[in-house]
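So the structure is just underneath, and the comments pick up after that.
The values are calculated or read from the model by the stated rules, or taken from the named source; none is laboratory data. All values derive from a computational prediction rather than experimental measurement. Here the Cβ positions follow ideal geometry from the backbone for every residue, glycine too, while neighbour counts run over all protein chains shown. Keep in mind that these areas ignore ligands, DNA and RNA; they rest on the heavy atoms of the full protein, side chains included. Shrake-Rupley method; radii C 1.70, N 1.55, O 1.52, S 1.80 Å.
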Amino acid sequence: DRLEFKTNDLIQGIEGRYDLVTANILPHIILELVPDLAAVVADDGVFILSGIIESRWSEIKTTLKANNLAINEVVQTEEWITLAGSR
């Protein structure tokens, strides 16, 4: 019905929960923000993370699972990984 786009920085904090959250940042920053990601993705929402180098993939997977976030799809191009997940 309605589509609204917002940009923000999870480090600065945001209010509310969102149907779609995206981030294309370095893995060490993704790891820091995963707990915040779990708080802002709606119950039926989706998140897309990219900029993940293959050597950090295992750590990202473990951290997402520890925060009750599911990995639904993974796309790898050479050593770079993008994933789509949900709560």
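The three principal axes of the Cα atoms in the chain give end-to-end lengths of 37, 25, 22 Å, sorted in falling order.
Just in the range 4-87: which chymotrypsin sites (Phe, Trp or Tyr not before Pro) are loop by DSSP and have at most 15 other Cβ atoms within 10 Å? Write out the running numbers ahead of the final one.
Details: sites: Phe5, Tyr18, Phe47, Trp57, Trp80; in loops: Phe5.
Of the chymotrypsin sites (Phe, Trp or Tyr not before Pro), the ones in loops of the range 4-87 whose Cβ has at most 15 other Cβ atoms within 10 Å are Phe5.
Within the listed set Thr22, Thr63, Thr77, the residue fluctuating most in the Gaussian network model of the chain (springs between alpha-carbon atoms under 10 angstrom) is Thr77.
Quick one: accessible area per residue over the chain, 1.4 Å probe, rounded to a whole number of Å²? All intermediate terms of the calculation are to be shown ahead of the outcome.
On the way: 5890 Å² over 87 residues.
Heavy-atom accessible area per residue stands at 68 Å².
Sparsely packed loop sites in the range 1-70 (the trypsin sites (Lys or Arg not before Pro) outside DSSP H, G, I, E and B with at most 10 other Cβ atoms within 10 Å) comprise Arg2, Lys6.
Taken one residue at a time, the phi angles of the range 23-39 give Karplus couplings (6.51, -1.76, 1.60, θ = phi - 60°) of 8, 10, 9, 5, x, 5, 6, 4, 4, 5, 8, 4, x, 5, 4, 4, 7 Hz. Gly and Pro are set to x. Overall, the accessible surface of the chain at a probe of 1.4 angstrom is composed of carbon and sulfur to the extent of 49 percent. Magnitude of the charge dipole for the chain, about its Cα centre and with charges confined to Cβ atoms of Lys, Arg (+1) and Asp, Glu (-1), is about 160 debye. Give me the angle, in degrees from 0 to 90, between the Cα long axis of helix 57-66 and the longest principal axis of the Cα atoms of the chain, rounded to the nearest 10. With rounding to tens, the tilt is 40 degrees.
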